[in-house]
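So the structure is just underneath, and the comments pick up after that.
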Amino acid sequence: QVTGHLDDCACDVETIDAFNNYKLFPRLNELLQSDYFRYYKVNLKKPCPFWNDNSHCGIRDCAVQPCPSDEVPDGIRSGSYKYSEEANNLAEECEEAKRLGAVDGSLSEKTQQAVLQWTQHDDSSDSFCEADDIYSPDAEYVDLLLNPERYTGYKGPDAWKIWNSIYEENCFKPQNVRRPLAPGRGDDGGHTFYKWLKGVCVEKRAFYKLVSGLHASINIHLSARYLLQDTWSEKKWGPNVTEFQQRFDEVITRGEGPRRLKNLYFLYLIELRALSKVLPFFERPAFQLYTGNKTHDTEMKKMLLEILHLAKSFPLHFDENSFFAGNKKEAAKLKEEFRLHFKNISKIMDCVGCFKCRLWGKLQTQGLGTVLKILFSENLIEKIPESGPSYGFQLTRQEIVALFNAFGR
């Protein structure tokens, strides 16, 4: 049921599907498996700035209990820990500590060395996100491949409160306009809401659609990697069609589901546009995807540039020139509002009670914040010198990792 033209775009669903599924995603997925993109530094211990909430999710799949890397022999990390009794005991303790689904913070010594060198490449100048202080003792590197985004059992009032706060307080929506399917309200099928949405400026409409697209992306991953079986002998994750239908089926959601999915395509187009725009930053010879393995780093940069050129070749890009195009003074005011609203959303991610969900929420909001930063820095990117430092426009390693992983989602 999700077909055809996308509102506010010159593109349609089928064109995106063909381009993504056959050309872009297989390459992007390979890039995201590489060392540079799999380690993300995050502070999961920041207190929630908006409400006093210590209701951390008690489900073990939410847990974050990284094993200190000096206690974990290499064999355990590679999964071949059956070779010595000592390693076996350690492995069991470690498994017990982190349980299934816990965020695994263990890194090998070699990686730690490379990681120290990465931090020297990081230059903080973020404007759309409340970035973590990566030098804080609470900030840790997390291996994203060991901690996939999936259903952890975190739901109910706490999870609802997060999304409610995002939609009600940060999407420019007046209190008297009820959003579709909000619980406990007389729903008019979203008529009032969509009438309001149609009447607001293109920027505010885009903001709502980006948040809705992000929400849809997260819900799709939770439905696709759902805990299907949980017994003492094994856990089985896989697609839960019922869960997916409850969130997206046209009949069950009274027409809302397909709209949510179209907003996901809108988000894709905006992120794809940013990748096509940021090419000059990555093309400079001085830019390296630095991990310390020279051959591998060169290969990965080549692959990264192929992906960006591919993004640029997409025939029906979103035209962001309609954004903030009116009266200069009004446009600047609106842009600042946009920035502050998004910054607020990035702070709300520190209120998520499930640490696994918090990790992916923070990563994806930072990725989208980086997308917005790129789209609003077009003039600066065009002026980047081919050699020497890029003073006007800078991306930190954190932003780069978040940008590509969020797009990968």
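Among residues of region 326-351 that are over 20 Å from GLN366 (Cβ atoms) and free of Cβ contacts under 8 Å to residues at least 12 places away in the same chain, those with a Cβ under 6 angstrom from a residue that is surrounded by 14 or more Cβ atoms within 10 Å (Cβ to Cβ) and among the hydrophobic types (A, V, I, L, M, F, W, C), sequence gap 6+ or separate chain, pair up as ALA331/PHE324. Under the condition of being assigned to a loop (DSSP other than H, G, I, E, B) and more than 25 Å from the chain's Cα centre (by Cα), the residues counted in region 365-388 number 6. For ARG225, the requirement of being in contact (Cβ under 8 Å) with a residue 60 or more places away in the chain, in contact with an Asp or Glu (Cβ under 8 Å, 6 or more places away or on another chain) and either acidic (Asp, Glu) or open to solvent by 50 Å² or more (accessible area, probe 1.4 Å) (or both) is met. If only residues of region 317-333 that are open to solvent by less than 70 Å² (accessible area, probe 1.4 Å) and modelled with pLDDT of 85 or more are counted, the one that is farthest from GLU168 (Cα to Cα) is HIS317.
Report whether or not TYR226 is farther than 28 Å from PHE314 by Cα, among the hydroxyl-bearing types (Ser, Thr, Tyr) and in contact with a Gly (Cβ under 8 Å, 6 or more places away or on another chain). Yes, satisfied.
Summed over region 157-179, the residues that are within 30 Å of ASN405 (Cα to Cα) and open to solvent by less than 40 Å² (accessible area, probe 1.4 Å) give a count of 12.
Every condition in (1) outside any loop (DSSP other than H, G, I, E, B); (2) of a type outside the set (S, T, N, Q); (3) modelled with pLDDT of 75 or more; (4) open to solvent by 20 Å² or more (accessible area, probe 1.4 Å) is met by ALA216 except one, and the failing one is (4).
This table checks each residue for (1) under 29 Å from GLU382 (Cα atoms); (2) among the hydrophobic types (A, V, I, L, M, F, W, C).
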| position | (1), (2) |
| --- | --- |
| LEU197 | no, yes |
| ARG205 | yes, no |
| PHE244 | no, yes |
| ASP249 | no, no |
| PRO258 | no, no |
| SER276 | yes, no |
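Against the definition (open to solvent by 10 Å² or more (accessible area, probe 1.4 Å), touching a Lys or Arg at 6+ places or on another chain (Cβ under 8 Å) and charged (D, E, K, R)), how does GLU283 come out, yes or no? In short, no. Kindly indicate whether TYR151 is in contact (Cβ under 8 Å) with a residue 60 or more places away in the chain, touching a Gly at 6+ places or on another chain (Cβ under 8 Å) and of a type in the set (Phe, Trp, Tyr). No: the conditions fail for TYR151. Taking region 353-363 as the range and being open to solvent by 10 Å² or more (accessible area, probe 1.4 Å) and over 9 Å from the mean Cα position of the chain (by Cα) as the test, the residues that pass are PHE355, CYS357. Residues being closer than 21 Å to ALA159 by Cα, in contact with a helix residue (DSSP H, G or I) (Cβ under 7 Å, 6 or more places away or on another chain) and part of a helix (DSSP H, G or I) are represented in region 389-407 by at least one member.
Residue-wise test of (1) assigned to a strand (DSSP E or B); (2) touching a helix residue (DSSP H, G or I) at 6+ places or on another chain (Cβ under 6 Å); (3) not basic (Lys, Arg).
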residue	(1), (2), (3)
ILE220	no, no, yes
SER223	no, yes, yes
GLN229	yes, no, yes
VAL251	no, no, yes
PRO258	no, no, yes
PHE266	no, yes, yes
LEU269	no, no, yes
ALA274	no, yes, yes
LYS301	no, no, no
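Given the condition farther than 30 Å from ASN321 by Cβ, touching a strand residue (DSSP E or B) at 6+ places or on another chain (Cβ under 7 Å), without any contact (Cβ under 8 Å) to a residue 40 or more places away in the chain and open to solvent by 20 Å² or more (accessible area, probe 1.4 Å), answer yes or no: does some residue in region 192-207 qualify? There is no residue in region 192-207 that is farther than 30 Å from ASN321 by Cβ, touching a strand residue (DSSP E or B) at 6+ places or on another chain (Cβ under 7 Å), without any contact (Cβ under 8 Å) to a residue 40 or more places away in the chain and open to solvent by 20 Å² or more (accessible area, probe 1.4 Å).
If you take the residues in region 229-263 that are open to solvent by less than 30 Å² (accessible area, probe 1.4 Å) and closer than 24 Å to CYS9 by Cα, which one is farthest from the chain's Cα centre (by Cα)? Per the criteria, the residue is GLY255. Residues in region 22-47 that are over 17 Å from ARG273 (Cα atoms), open to solvent by 10 Å² or more (accessible area, probe 1.4 Å) and either at pLDDT 95 or above or of a type in the set (Phe, Trp, Tyr) (or both): TYR22, PRO26, ARG27, ASN29, GLU30, LEU32, TYR36, TYR39.
Of the numbered criteria (1) open to solvent by 30 Å² or more (accessible area, probe 1.4 Å); (2) within 21 Å of the chain's Cα centre (by Cα), the one ILE270 fails is (1). For region 364-401, taking the residues that are open to solvent by 20 Å² or more (accessible area, probe 1.4 Å) and aromatic (Phe, Trp, Tyr), the one that is farthest from ALA216 (Cα to Cα) is identified as TYR391.
The values are calculated or read from the model by the stated rules, or taken from the named source; none is laboratory data. Values in this document were obtained by computation on a predicted structure and should not be read as measured data. All Cβ positions, even for glycine, are placed from backbone atoms using ideal geometry, and neighbour counts span all protein chains on display. Calculation scope for accessible area: heavy atoms of the full protein, side chains included, ligands and nucleic acids excluded. Shrake-Rupley method; radii C 1.70, N 1.55, O 1.52, S 1.80 Å.
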